[in-house]
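Colleague: Here's a structure for you.
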Amino acid sequence: MTQPAPGSRGTDGAPGPFPSPLAQPSLTPPAPIDAARVTPVPLHAAAPARSGRSAPIWIGGILVLLLIALVGYFLTFVGTGASLIGAILALIPLTGVLLAIRLIDRWEPEPRGLVVFALAWGAIAAVAIALGVDLVISIIFGARDSYAAEVLQAVVQAPIVEEVAKGLGVLIVYAVGRRAFDGPIDGIVYGALVGAGFAFTENIQYFALSWIEGGVGEASTTFFVRGIMSPFAHVMFTSVTGFALGLAARRGATTGQAIGPWLLGLSGAILLHAFWNGSATFTDFFSVYLMLQVPLFVLFVLGILALRREESRLTRTRLGEYAAAGWFTVQEVDMLATPAGRKAGLNWARTLQGDRTPIMKKFIADATALAMARQRAVSGRDPQAGADERELLARTAAARQALLAR
């Protein structure tokens with residue numbers, strides 16, 4: 001038996017001390033870890049069950065139908081040529097944003113299916129919802145060509161409708177991919193992906209209309225403002241919603257119990273969005289951008305770095321429990337639980353016969369997933385975590401043997 005992890009409950013049932021404000025609580029006593037086996041296991045052991053780690057097929061079908069409708073909208077109201085130009089320009093900031101999200105998600109990557117779903121929800125469903133609401137409001141209230149109506153649309157309608165549409169996607173990820181939603185970093189990743197998808201499609205429209213109205217000059221100005229100065233705006237807004245759901249996830253909240261945190265995060269996202277739009281409507285946008293928006297972005301980055309440190313600490317703690325049972329050495333835990341250690345491990349794997357870097361990458365990925373599975377088991381929020389632990393232990397043991405083989 002290993003000692004209870006920091007933050008777990010003591011023998012009297014009272015909560016123990018937490019190592020940091022971001023630490024994840026333990027809701028049940030940790031299960032014992034079996035002593036390490038020496039029996040060889042296959043290198044390609046079965047992957048953990050995907051149940052609870054992917055979106056249902058029927059949601060994909062709905063997205064396909066909405067995509068067809070969106071394509072029809074662009075071809076009808078924007079035009080083929082302008083839409084194509086807008087899409088090409090919109091791909092540039094999207095690529096940069098996705099690379100940044102990848103850096104955030106590198107420690108313990110999210111399932112590819114949920115990543116694709118989150119991006120697709122933002123690019124397709126959230127945009128379709130926003131356009132649909134705008135159409136309904138136009139039908140009910142007629143054309144809005146006054147200054148007051150434009151302000152109301154930019155500062156009130158757009159933040160509320162767009163953030164609710166995007167936030168709904170993050171909530172769906174939480175509901176259908178609950179076993180892959182481990183904490184605040186995961187929430188930020190899913191929120192950022194939804195926001196990136198939304199910004200991509202929205203940028204297609206903005207860039208295309210600018211091209212139609214003013215050619216290269218107008219399109220270049222719009223690209224500079226949206227693609228260079230503010231590519232992370234929607235990403236930051238929706239990440240607030242995801243962060244709130246991530247806090248709920250680490251407390252083991254069910255989807256129903258997470259509605260409250262979701263609404264709280266959604267309120268923050270709406271306020272940030274309204275503030276952003278308002279700065280462009282009521283004040284000198286560039287002054288506000290330098291004095292407030294840039295510092296907000298810096299705080300956003302610093303917050304992510306703090307969460308990444310907590311994720312590293314959690315990995316070290318959980319893998320340390322396996323090391324106590326003989327599955328890893330202390331040196332291997334140091335290698336697996338720190339960025340510097342991982343870099344050193346990859347460099348060492350390149351020197352081995354046949355360049356065993358792919359095996360080392362698999363070892364690192366599976367060991368990190370093992371630590372997260374252990375956390376889900378300790379917190380008592382995933383009944384299938386025990387099965388994941390056994391399968392991931394087999395895979396990490398196989399990778400370890402392959403790395404050390406003569």
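The values are calculated or read from the model by the stated rules, or taken from the named source; none is laboratory data. Quick caveat, the model's predicted, so the values are computed rather than measured. Note: ideal-geometry Cβ built from the backbone for every residue, glycine included; neighbour counts use all protein chains shown.
Colleague: What helices (runs of 4 or more DSSP H) lie completely within the range 114-196 and have 2 or more residues being buried (at least 16 other Cβ atoms within 10 Å of the Cβ) and either hydroxyl-bearing (S, T, Y) or touching a residue at least 40 places away in the same chain (Cβ under 8 Å) (or both)?
Modeller: On the way: elements: 127-141, 147-152, 158-176.
The qualifying helices (runs of 4 or more DSSP H) are 127-141, 158-176.
Colleague: Identify, from the list V240, V298, the residue that is modelled with pLDDT under 95 and among the hydrophobic types (A, V, I, L, M, F, W, C). First the steps, then the outcome.
Modeller: Numbers: V240 fails: modelled with pLDDT under 95.
Step by step, each of V240, V298 is checked, and only V298 is modelled with pLDDT under 95 and among the hydrophobic types (A, V, I, L, M, F, W, C).
Colleague: Among the residues of the range 271-295, what is the count of those that are under 17 Å from A244 (Cβ atoms) and outside the structural domain of G246 (by TED's automatic domain parsing)? Even if it seems obvious, please write down each step before you answer.
Modeller: Of the range 271-295, the ones under 17 Å from A244 (Cβ atoms) are 271-273.
With outside the structural domain of G246 (by TED's automatic domain parsing) added as a condition, the list becomes none.
Total satisfying the criteria: 0.
Colleague: Please find, within the range 260-270, the residue that is surrounded by the most Cβ atoms within 10 Å (Cβ to Cβ) out of those that are aliphatic (A, V, I, L, M) and without any contact (Cβ under 8 Å) to a residue 24 or more places away in the chain. Even if it seems obvious, please write down each step before you answer.
Modeller: Narrowing the range 260-270 to residues aliphatic (A, V, I, L, M): 263-264, 266, 269-270.
Those left that are additionally without any contact (Cβ under 8 Å) to a residue 24 or more places away in the chain: 263-264.
Details: L263: 14, L264: 16.
Filtering the range 260-270 for residues that are aliphatic (A, V, I, L, M) and without any contact (Cβ under 8 Å) to a residue 24 or more places away in the chain, the one surrounded by the most Cβ atoms within 10 Å (Cβ to Cβ) comes out as L264.
Colleague: Take A120 and tell me if it is assigned by TED's automatic domain parsing to the domain that holds G61, aliphatic (A, V, I, L, M) and in contact with a helix residue (DSSP H, G or I) (Cβ under 7 Å, 6 or more places away or on another chain).
Modeller: On the way: assigned by TED's automatic domain parsing to the domain that holds G61: yes; aliphatic (A, V, I, L, M): yes; in contact with a helix residue (DSSP H, G or I) (Cβ under 7 Å, 6 or more places away or on another chain): yes.
For A120, the condition - assigned by TED's automatic domain parsing to the domain that holds G61, aliphatic (A, V, I, L, M) and in contact with a helix residue (DSSP H, G or I) (Cβ under 7 Å, 6 or more places away or on another chain) - is met.
Colleague: Working only within the range 343-362, note down all residues that are more than 14 Å from A399 (Cβ to Cβ) and touching a helix residue (DSSP H, G or I) at 6+ places or on another chain (Cβ under 7 Å).
Modeller: A344, R350
Colleague: While we're looking at this one, here's another question. Could you tell me which of the residues A365, A387, A377, A405 is modelled with pLDDT of 90 or more and not aromatic (F, W, Y)? Spell out how you get there, then give the answer.
Modeller: Values: A387 fails: modelled with pLDDT of 90 or more; A377 fails: modelled with pLDDT of 90 or more; A405 fails: modelled with pLDDT of 90 or more.
After applying the criteria, what remains is A365.
Colleague: What number of residues in the range 181-209 are of a type in the set (V, I, T) and under 10 Å from the mean Cα position of the chain (by Cα)? Give the derivation first.
Modeller: Filtering the range 181-209 down to residues of a type in the set (V, I, T) leaves 185, 188-189, 194, 201, 204.
Narrowing further to those that are under 10 Å from the mean Cα position of the chain (by Cα): 185, 188-189, 194.
So the count comes out to 4.
Colleague: Would you pick out the residues in the range 307-318 that are buried (at least 23 other Cβ atoms within 10 Å of the Cβ) and among the hydrophobic types (A, V, I, L, M, F, W, C)?
Modeller: Once the filter is applied, which keeps residues that are buried (at least 23 other Cβ atoms within 10 Å of the Cβ) and among the hydrophobic types (A, V, I, L, M, F, W, C), the range 307-318 yields only L314.
Colleague: Related question: Looking at (1) farther than 17 Å from R106 by Cα; (2) not β-branched (V, I, T); (3) not in a loop (DSSP other than H, G, I, E, B), can you tell me which one M335 breaks?
Modeller: (1)
Colleague: Please enumerate the residues belonging to the range 346-381 that are outside any helix (DSSP H, G or I) and more than 20 Å from the chain's Cα centre (by Cα). Show your work before the answer.
Modeller: Of all residues in the range 346-381, those outside any helix (DSSP H, G or I) come to 352-356, 380-381.
Selection gives L352, Q353, G354, D355, R356, G380.
Colleague: Could you tell me which residue of the range 231-257 is surrounded by the most Cβ atoms within 10 Å (Cβ to Cβ), considering only residues that are more than 30 Å from F207 (Cα to Cα) and β-branched (V, I, T)?
Modeller: Out of the qualifying residues, it is T255.
Colleague: So, in the range 46-81, of the ones that are surrounded by 12 or more Cβ atoms within 10 Å (Cβ to Cβ) and among the hydroxyl-bearing types (S, T, Y), which residue ends up modelled with the highest pLDDT?
Modeller: Y73
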